[in-house]
Amino acid sequence: QATQARLAVSLDEPSPRIEPTVYGHFVEHLGRGVYDGLWVGPESSIPNTRGWRNDVVQALRRVGIPVMRWPGGCFADDYDWRDGIGDPAKRPARRNIWWGGLETNRVGTHEFMDLVEQLDSEAYLSGNMGSMPPRAMAQWIEYITAGENSALTQERRRNGRDKPWKLKYFGVGNESFGCGGSMRPEYQSDLHNQYATFLKGVTRVASGDGEGDDHRVEVLMSRSARHMDAFTLHYYSLPDNWTRHGDATGFDAGAWARTLKSALGMDGRIEAIKRIMDKHDPDKRVALYVDEWGTWYDTPPGASALFQQNTLRDAVLAAVSFNIFHRHTDRVKMANIAQMVNVLQSMVLTEGDKMVLTPTYHAFDLYKPFRGATPLAIKLDAPVFRTGDVELPAVHASAARAPDGKLLLALVNLDPSHPARVATNLTGSARGRVLTAQSMDAHNTFQQPQAVAPAPYAAASSGLLDLPPKSVVVVEIVPR
Ligand code: AHR
């Protein structure tokens with residue numbers, strides 16, 4: 001028995017465009033996220049370009065990486081950028097205090113900026129406000145961007161880079177409420193203003209909320225809005241709690257529902273932050289960047305730090321998250337999934353020379369036409385379904401007008417057991433792609449890399465669209 005839903009799209013109620021950077025990424029020196037997953041070194045037998053593995057770079061280029069945040073995360077507030085420049089053989093090894101192991105600093109500024117260029121991406125660097133002085137932050141920016149013949153430009157040249165790099169986004173600390181320095185919001189706000197004063201020519205991103213703390217948002221917006229161009233939200237989704245997160249695979253319908261419920265809660269959190277931002281910045285000059293989001297499950301024994309498998313549940317959660325970002329384009333101008341490779345909700349998993357694309361990768365790929373599109377208002381009447389004491393809407397959606405005029409529709413069936421039929425007010429046919437699988441925890445392995453992969457989707461009439469259970473459908477409406 002199919003669930004019946006109704007969707008009305010208002011073709012004449014556009015919102016600000018969906019910035020491509022909403023489909024952004026985050027790469028931290030953590031586990032096998034950088035070393036092994038992306039970087040194998042120029043001397044590796046794994047094919048690479050100046051150390052960055054070709055298979056992963058090609059896969060990421062195919063999906064398009066509009067922006068990459070680096071080097072943390074928590075790592076950022078214990079990172080001295082000077083450790084990562086100059087002769088690699090002379091770079092100091094340091095303890096990675098947050099994620100364990102030794103940081104060799106083999107990947108530093110030159111290597112990361114090379115990756116940014118290989119991916120045609122934008123760099124978003126996280127500066128260290130937690131344990132380094134403001135001058136260190138300002139000089140990092142000068143080292144990267146200066147064209148004049150300053151001492152730092154000369155040093156950069158000696159280290160092999162003549163032309164300045166393009167650096168657009170710069171984070172003033174990370175999670176200052178926690179691993180970034182355990183600061184009271186009042187103290188953070190003073191410090192933010194001090195550091196931001198010395199940052200020139202970049203979009204200044206203030207470390208924001210990650211704990212559902214309205215007071216921090218209030219204090220930072222009231223005291224620091226003038227010194228920032230963006231404010232951040234970190235929002236992770238997990239089935240259980242921060243002591244026992246829950247398993248990435250082998251979970252039941254209850255865990256499926258709780259994880260998606262947690263993800264849907266991001267909508268309310270963004271609403272709440274926007275209300276406070278609107279009070280202090282009614283012209284909406286300051287953007288909201290959700291610069292860490294995604295699922296966080298328990299790491300299996302013996303796996304590298306924060307490694308987790310990625311299933312159909314993650315793809316459905318990614319789709320719901322994109323729909324939420326599309327609803328808030330007045331403020332949400334960037335979002336960065338945590339993290340790109342081998343860490344948390346990854347796009348790609350690797351083992352030695354093997355690589356596999358995850359269901360989350362395919363969700364990003366399905367939604368690619370939405371980059372730069374103009375969201376359209378929708379009214380969705382979808383019944384709820386219940387799993388234990390968790391209620392979820394059966395269907396979640398978003399609609400937009402692409403820059404080339406195409407009408408785009410994304411529909412997600414959150415119900416793992418029932419198909420859904422969506423009656424719409426649209427005319428014409430629909431064609432696009434669907435992502436689904438037999439089981440809730442279907443995932444891709446090196447042996448079965450196509451277990452979860454997009455398939456073509458077509459409907460003769462866009463007035464009636466059928467969604468398989470637990471699926472993501474993205475279509476273009478083709479006029480008659
Ligand atoms: O993404 C993993 C960690 O989660 C980041 O380092 C930190 O910012 C957040 O708590």
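The values are calculated or read from the model by the stated rules, or taken from the named source; none is laboratory data. The structure displayed is predicted, hence computed values, not measured ones. We place every Cβ from the backbone using ideal geometry, glycine too, and count neighbours over all the protein chains shown.
Taking ASP353, is it in the same structural domain as ILE273 (by TED's automatic domain parsing) and more than 19 Å from ASP466 (Cβ to Cβ)?
When the stated conditions are applied, ASP353 passes them.
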Of all residues in the stretch 31-51, how many are part of a loop (DSSP other than H, G, I, E, B) and farther than 13 Å from PRO71 by Cβ? 14
Does the stretch 324-345 contain at least one residue that is part of a loop (DSSP other than H, G, I, E, B) and aromatic (Phe, Trp, Tyr)? no
Scanning the stretch 244-272 for residues that are in contact with a Lys or Arg (Cβ under 8 Å, 6 or more places away or on another chain) and among the β-branched types (Val, Ile, Thr), which turns out surrounded by the fewest Cβ atoms within 10 Å (Cβ to Cβ)? ILE270
Which condition breaks for GLY405 when tested against (1) surrounded by fewer than 17 Cβ atoms within 10 Å (Cβ to Cβ); (2) on the phi < 0 side of the Ramachandran plot; (3) part of a loop (DSSP other than H, G, I, E, B)? (2)
Residues being without any contact (Cβ under 8 Å) to a residue 40 or more places away in the chain, surrounded by 15 or more Cβ atoms within 10 Å (Cβ to Cβ) and over 28 Å from ASN342 (Cα atoms) - total across the stretch 442-464: 2
Name the one entry in ASN105, ASN128 that is of a type outside the set (Phe, Trp, Tyr) and without any contact (Cβ under 8 Å) to a residue 24 or more places away in the chain. ASN105
Here is a check on your reading of the model: is HIS396 in the same structural domain as TYR169 (by TED's automatic domain parsing) and modelled with pLDDT of 95 or more? no
Residue list for the stretch 297-309, restricted to those being farther than 20 Å from VAL452 by Cβ, in contact (Cβ under 8 Å) with a residue 12 or more places away in the chain and within 12 Å of the ligand (Cβ to nearest atom): ALA305, LEU306
Kindly indicate whether any position in the stretch 236-250 is more than 24 Å from the chain's Cα centre (by Cα) and farther than 25 Å from THR21 by Cβ. yes
Does ASP120 count as within 16 Å of the ligand (Cβ to nearest atom) and either under 23 Å from the mean Cα position of the chain (by Cα) or surrounded by 18 or more Cβ atoms within 10 Å (Cβ to Cβ) (or both)? no
Name every residue in the stretch 123-146 that is polar (S, T, N, Q) and either under 19 Å from PRO66 (Cβ atoms) or surrounded by 22 or more Cβ atoms within 10 Å (Cβ to Cβ) (or both), in order of residue number. SER126, ASN128
Say whether the condition of being touching a residue at least 40 places away in the same chain (Cβ under 8 Å) and within 16 Å of the ligand (Cβ to nearest atom) is met by at least one residue in the stretch 390-412. no
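Residues LEU233, LEU260, LEU264: which one is hydrophobic (A, V, I, L, M, F, W, C), assigned to a strand (DSSP E or B), farther than 16 Å from PRO134 by Cβ and in contact (Cβ under 8 Å) with a residue 40 or more places away in the chain?
LEU233
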Looking only at the stretch 156-202, count how many residues are hydroxyl-bearing (Ser, Thr, Tyr), without any contact (Cβ under 8 Å) to a residue 24 or more places away in the chain and closer than 18 Å to GLY212 by Cα. 1
Please enumerate the residues belonging to the stretch 346-364 that are within 16 Å of the ligand (Cβ to nearest atom) and in a helix (DSSP H, G or I). THR360
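Among the candidates ARG50, ARG32, ARG62, which residue alone is over 16 Å from ASP120 (Cα atoms) and over 16 Å from the mean Cα position of the chain (by Cα)?
Only one candidate qualifies: ARG32.
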Restricting attention to the stretch 369-402, and to residues there that are of a type in the set (D, E, K, R) and farther than 25 Å from ASP441 by Cβ, which single residue is surrounded by the most Cβ atoms within 10 Å (Cβ to Cβ)? ARG371
Looking only at the stretch 173-199, which residues are away from the ligand (no atom under 16 Å from the Cβ), buried (at least 21 other Cβ atoms within 10 Å of the Cβ) and among the polar types (S, T, N, Q)? SER189
